[in-house]
Amino acid sequence: MKKELVLIFFSILIINQVNAAYIEGTIFKDFDGNGILEKETISNVNLSLFNIEKFEEIIITTNENGYYKFDLQRGSYIITQKLNNDEIFTYPEFGFYHIIANDEIFNEKNFGKFKLGKISGYVFNLNDEKLANIRVYSSNNFSYLTNSEGYYEFTNLEAGNYTISINENKIDVAITSGKILENNNFILTNYIQE
């Protein structure tokens, strides 16, 4: 009986040590791009856990509450979220965590991400004709030449306030995560299409 208890004790001890370390956290939507945890989490986000010593990557997907958990063996790891082309990370500062696992629990290793915004519209004259080749300016020091349909767009915009302008004509807009602002149209009063 004594041997059985000792064996059970050591079995439990060994099992607990094998999977004692883990990392967990949440992916959140950062509406204003400030890196502060928002209330809305994001489900179905892929994360990469890279084992530096084994040169091996494991992919896991967050659950419906934006939560993830990796069990860790002893070693050195880098964990990061996978981003789409129209997204940027906002938390942690460099977009990843470097973890050296022994038997610790690494909780609240959260990630924030921001979906880049877009501002678009058309340029018209007083006769409601769409104007091509008109330079539209954005306060982030970019400009766009309208296409043959009089259309312009500024994409991949980070959070913030923007002024879109053509000479003295101005439109002020605010971008938050994933915001697409269409139909920011200009009517130029002193321009006639030839």
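The values are calculated or read from the model by the stated rules, or taken from the named source; none is laboratory data. Here the structure is a predicted model, which is why all the values come from computation and not from measurement. Because the Cβ atoms are built from the backbone with ideal geometry, glycine has one as well, and the counts that use them run over all protein chains shown. Surface accessibility is based on the protein's heavy atoms, side chains included, excluding ligands, DNA and RNA. Shrake-Rupley method; radii C 1.70, N 1.55, O 1.52, S 1.80 Å.
Quick notes on this one:
- Sparse packing (at most 10 other Cβ atoms within 10 Å of the Cβ) combined with a DSSP loop state is found for the following GluC sites (Glu not before Pro) in region 55-98: 64, 93.
- For region 48-89, trypsin sites (Lys or Arg not before Pro) are listed when DSSP marks them as loop and at most 12 other Cβ atoms sit within 10 Å of their Cβ; the list is 54, 82.
- Taking 1.567 mPa s as the viscosity and 4 °C as the temperature, the Stokes-Einstein diffusion coefficient of the chain based on its alpha-carbon Kirkwood radius rounds to 64 µm²/s.
- Along region 23-39 the Karplus relation, 6.51 cos²θ - 1.76 cosθ + 1.60 evaluated at θ = phi - 60°, assigns HN-Hα couplings of 10, 8, x, 9, 9, 10, 7, 9, 4, 10, x, 9, x, 9, 4, 9, 6 Hz to successive residues, with x for each Gly and Pro.
- Charge dipole (region 29-169, unit charges on Cβ, about Cα centre) - positive-most of 88, 52, 141: 52
- Exposure here means at most 10 other Cβ atoms within 10 Å; with chymotrypsin sites (Phe, Trp or Tyr not before Pro) in a DSSP loop as sites, the longest stretch of the chain lacking them is 95-194.
- In terms of accessible area, using a 1.4 Å probe and ignoring ligands and nucleic acids, 71, 103, 30 rank largest first as 71, 103, 30.
- In terms of distances greater than 28 angstrom between alpha carbons, the cross-link table entries 39/170; 118/170; 39/69 yield 39/170.
- Placing +1 on the Cβ of every Lys and Arg and -1 on the Cβ of every Asp and Glu, with nothing else charged, gives region 144-194 a dipole about its Cα centre of roughly 140 debye.
- For residue 148, solvent-accessible area (1.4 Å; no DNA, RNA or ligand), Å²: 100 Å²
- Magnitude of the charge dipole, the chain, Cβ model with Lys/Arg +1 and Asp/Glu -1, debye to 20: 520 debye
- Percent carbon-and-sulfur accessible area, the chain, ignoring ligands, DNA and RNA, probe 1.4 Å: 50 percent
- Using θ = phi - 60° in the Karplus curve 6.51 cos²θ - 1.76 cosθ + 1.60, the 3J(HN,Hα) couplings for region 118-128 round to 8, 10, 8, x, 10, 10, 10, 9, 5, 8, 6 Hz; x is entered for Gly and Pro.
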